[in-house]
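Enquirer: Here you go, one structure.
Derivation of every value follows stated rules applied to the coordinates shown; laboratory data play no part. Given the structure is predicted, the values throughout are model-derived calculations rather than measurements. Backbone-built Cβ (ideal geometry, glycine too); neighbour counts: all protein chains shown.
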Amino acid sequence: MLELYQFELSHYCEKVRLILDYKGLAYRKIEITPGIGQLDIFRMSGQRQVPVLKDGNEVIADSTEIAFYLDRKYPERPLIPTEPQRRSQCLILEQWADDSVGINARKLLISAVGQDSTFLTSALPSGTPGFLRNLVQSVPREAIDLVGFGAGASPDAIKSARKEMHRSLESLSEMLRDQPYLLGDQPTLADFAVAAMTMYVKFPIGSYLELPAAIKGKGTIELINDPLLKPFWDWRDRLYADFRKAPLTATAGATSGSSSGPTSINID
């Protein structure tokens, strides 16, 4: 069975989960847990980022590379069009989603964390001890704001990210008014990238993600409730309902030992 080494809250991992579900491929999730998990990822793939997909002896890092691999190895329900113009459009949209939408979504999530500590505790690995979760939840908002500044999410940066995200979602809404998917009648890699990269803007409602119920459906209120963006959110809800599957189980692991501290990972 395919193994996905992941972080549940990562929107790049969600992109791969959407792709695997669309292709109907069975896979086992292996959550990066506190301690030596990051070292295991490095030993396996030569780098520290998730997602990493393991298929027998094949190890593939990076969500885009995973998508290309899956289309080659499991060609049914293709993700990437073969016709040159649609292929180019698909890959341009996917890269734009990963870069522009994904980066702005991260900034908006930092803003949401400052408003609601539930978001912060939800980002902790599943094996984090209760006392540490309580400690994180008690972090004052001023400290969160300071971290946001360090991550390039100053108030001005968040304001700009919100404006750019609104423009992006409005444009996507227009693209989707007269067609079911971004490039026509069939979903492509572009659709799954866009859907996943907007996860931080509005967490999906339903049992797709193993996250606290308190944050499902939450995110950036101004973008969730804007009637101009309703076509986009309706489209994303339909994409999830049609293709995303509820997880059977999540395996806490990616360790060959144990440790008392959380793992530090790069989520890309």
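Enquirer: Highest first, please rank the peptides 224-235, 190-201 by the mean number of other Cβ atoms sitting within 10 Å of their residues.
Expert: By packing density, highest mean first, the sequence is 190-201, 224-235.
Enquirer: Straight distance only, please: which lysines reach the Cα of residue 23 with their own Cα at less than 26 Å, same-chain residues fewer than 8 apart left out?
Expert: The qualifying lysines are 15, 54, 73, 202, 216, 245.
Enquirer: How much net charge surrounds residue 40 when only the other residues with a Cβ under 14 Å from the Cβ of residue 40 are counted, with Lys and Arg +1 and Asp and Glu -1?
Expert: +1
Enquirer: Then there is this: Starting from the Cα gyration tensor of region 46-90, take the square roots of the eigenvalues, sort them a ≥ b ≥ c, and report rounded, prolate or oblate (rounded when a/c is under 1.5, otherwise prolate if a/b is larger than b/c, else oblate).
Expert: In terms of gyration-tensor shape, oblate.
Enquirer: Tally Lys/Arg at +1 and Asp/Glu at -1 over every other residue whose Cβ is under 12 Å from the Cβ of residue 59; what's the total?
Expert: -4
Enquirer: Label points 7 Å out from Cα along the Cβ direction at residue 245 and residue 86: separation in nm?
Expert: Between residue 245 and residue 86, the label points sit 2.5 nm apart.
Enquirer: Let me check I've understood the local charge: for residue 2, count other residues with C-beta under 9 angstrom from its C-beta, Lys and Arg +1, Asp and Glu -1. What total comes out?
Expert: 0
Enquirer: So how many Å³ per residue does the convex hull of the Cα atoms of region 1-102 work out to?
Expert: Per residue, the Cα convex hull of region 1-102 comes to 103 Å³.
Enquirer: Another question about this same structure. For residue 95 and residue 160 in one chain, what is 0.36 nm times their gap in residues minus the Cα-Cα distance, to one decimal in nm?
Expert: Separation in residues times 0.36 nm, less the Cα-Cα distance, equals 21.4 nm.
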